[in-house]
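Below is one structure, written out as structure tokens, with a few remarks after it.
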Amino acid sequence: MTVDERAYDRRRLRQWLTGTARADGLGRRDLLRLLAAAGVLAAAPAARAAAAAPAAGIVKPLPADRFVVHGTNAETRWSALRDTGFHTPNDLFFVRNHTVTPAIDPDAWRLTVWGDGLRGGPREFGLDELRALPAATSDAFVECAGNGRGFYTSQQGETVSGTAWSLGAIGVARWRGVRLAEVLRLAGLGPHAVDVQPRGLDADYVSGGVNLGRVRRPLPLAKALDDVLLAYEMNGEPLPPDHGSPVRVLVPSWVGIASVKWVGDIEVSAEPLYSPWNTGLYRLFGPSYPEEGSAPLTRQTLKSAFELPFPAAFPVGRTHRLTGRSWSGAGRVRRVEVSMDDGARWQPARLHDRPRRGSWVRWSADWTPSAAGPAELLARATDEHGNTQPERAEFNEQGYLFGAVVRHPVTVTS
Ligand SMILES: Nc1nc2c(c(=O)[nH]1)N[C@H]1C(S)=C(S)[C@@H](COP(=O)(O)O)O[C@H]1N2
Ligand SMILES: [Mo]
């Protein structure tokens, strides 16, 4: 009967992965061991898509001077941000799609809020209903947990799985929508709710031959009730197709995966929930972490980027105004410093925005290169909690949360 049991177990595991079985009463450690033993969450090989390849399934144009395409994803070139304002224009905002951008009719769209954490049965909302509720606005970044992943390899010589992003998997927009707390209240949030799990309407995600079901990731109730929005506007326009039209979740300061696009339903659970996106994915695995991985990722790390081509070129002997941006998931950026001599001396950059939580700050610094040849520009930020970008980021197998100083290559020409 061993054979039958094994077959049943595999079926149950598949059901759980696609969201049709629950994992109640099962410890996270057991679940992870089970998943690892069945090999269903083996890391996908690093993406090697050519920069010139068209992105499958993204609706908006991706001109090569503004985006680098990685398979189904596209990152913003930092050189293209230089003359943009505080908010990333919608047509320049990076896209991270597990599959393809779905076509959803906003008039037919419904949001279902359901689960045993509600006092009563499911409650449905249409777009007009959400728009009629009190609106809230948030100037917040959405940043992929893997932003900067490529530097684990290029700067630290480490092999990690996943899309080899440079620093362009981030954007800041003015998001407008309704507070998730308000919608949960209207749906009849019960006293026993602990987890809230939004799920996207895009296609099932198949990784390494295993169907993981639709993109979904539980949020602890405390965060869901804090500053999370159901956003229907991005920079004053209806949410564009690639960014979750008609409604996405916006979870300020957290890893981008929490901000589920094209949300179709939200489960409110009286028991903790698991999905592939908070178990085998979006935890830190590696020698510095426990066998079952770190806790699920929440806040983003601290980063800085120059608004320059990568690599950049400057003529010698002239003064150049270097510009860039810094941000932290932990709180406000307090200080940004730059170094043009390999970190021997650091000079403060001028900040051009009042630093705010969950957002970035623009900065500038002048540089007069005195000798022709190769150079590296360094920028490092410190946040209000005293976190400063280190020289090296701690390795993890999936290359999440790269927070070290990026060495920006430059050629000084005579
Ligand atoms: N439904 C759904 N939501 C999703 C994703 C997805 O593929 N499907 N990708 C997530 C990830 S990993 C990131 S980083 C952000 C990217 O948001 P953007 O494409 O609007 O920049 O969306 C998140 N929400
Ligand atoms: Mo992401």
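List of remarks:
- Each residue in region 227-267 was checked for being more than 12 Å from ligand 1 (Cβ to nearest atom) and under 22 Å from Leu302 (Cα atoms), and 4 of them qualify.
- Qualifying residue in region 269-278 (condition: within 17 Å of His385 (Cβ to Cβ), polar (S, T, N, Q) and in contact with a Lys or Arg (Cβ under 7 Å, 6 or more places away or on another chain)): no
- Considering residues of region 134-167 that are in contact with a Lys or Arg (Cβ under 6 Å, 6 or more places away or on another chain) and within 14 Å of ligand 1 (Cβ to nearest atom) only, the residue nearest to Asn235 (Cα to Cα): Cys144
- Residues of region 268-317 classified as of a type outside the set (A, V, I, L, M), part of a strand (DSSP E or B), more than 16 Å from ligand 1 (Cβ to nearest atom) and under 29 Å from Ala187 (Cβ atoms), total: 1
- Pair list, Cβ < 7 Å and 6+ apart or interchain, from region 244-269 residues that are assigned by TED's automatic domain parsing to the domain that holds Leu230 and modelled with pLDDT of 95 or more to residues that are in a loop (DSSP other than H, G, I, E, B) and acidic (Asp, Glu): Pro252/Asp227; Trp262/Asp202; Ser269/Asp116
- Verdict on Glu384 being in contact with a strand residue (DSSP E or B) (Cβ under 9 Å, 6 or more places away or on another chain) and not assigned by TED's automatic domain parsing to the domain that holds Leu167: yes
- Those strands (runs of 3 or more DSSP E) lying entirely in region 109-220 with at least 1 residues more than 15 Å from Val260 (Cβ to Cβ) and hydroxyl-bearing (Ser, Thr, Tyr): 136-143
- Whichever residue in region 173-194 is closer than 21 Å to Gly329 by Cβ and surrounded by fewer than 21 Cβ atoms within 10 Å (Cβ to Cβ) and, among such residues, is nearest to ligand 2 (Cβ to nearest atom): Arg174
- Taking the conditions (1) within 16 Å of ligand 2 (Cβ to nearest atom); (2) touching a strand residue (DSSP E or B) at 6+ places or on another chain (Cβ under 8 Å) in turn, Ser207 satisfies each one other than (2).
- For region 259-272, taking the residues that are in contact with a strand residue (DSSP E or B) (Cβ under 6 Å, 6 or more places away or on another chain) and over 21 Å from Arg131 (Cβ atoms), the one that is surrounded by the fewest Cβ atoms within 10 Å (Cβ to Cβ) is identified as Pro272.
- Residues located in region 360-401, provided they are in contact (Cβ under 8 Å) with a residue 60 or more places away in the chain and more than 28 Å from Thr319 (Cβ to Cβ): Asp383, Asn387, Arg392, Ala393, Glu394, Phe395, Asn396, Glu397, Gln398, Gly399, Tyr400, Leu401
The values are calculated or read from the model by the stated rules, or taken from the named source; none is laboratory data. As the structure is a computational prediction, the values presented were derived from the model and not from experiment. Ideal geometry is used to build each Cβ from the backbone, glycine not excepted, and the neighbour counts take in all protein chains shown.
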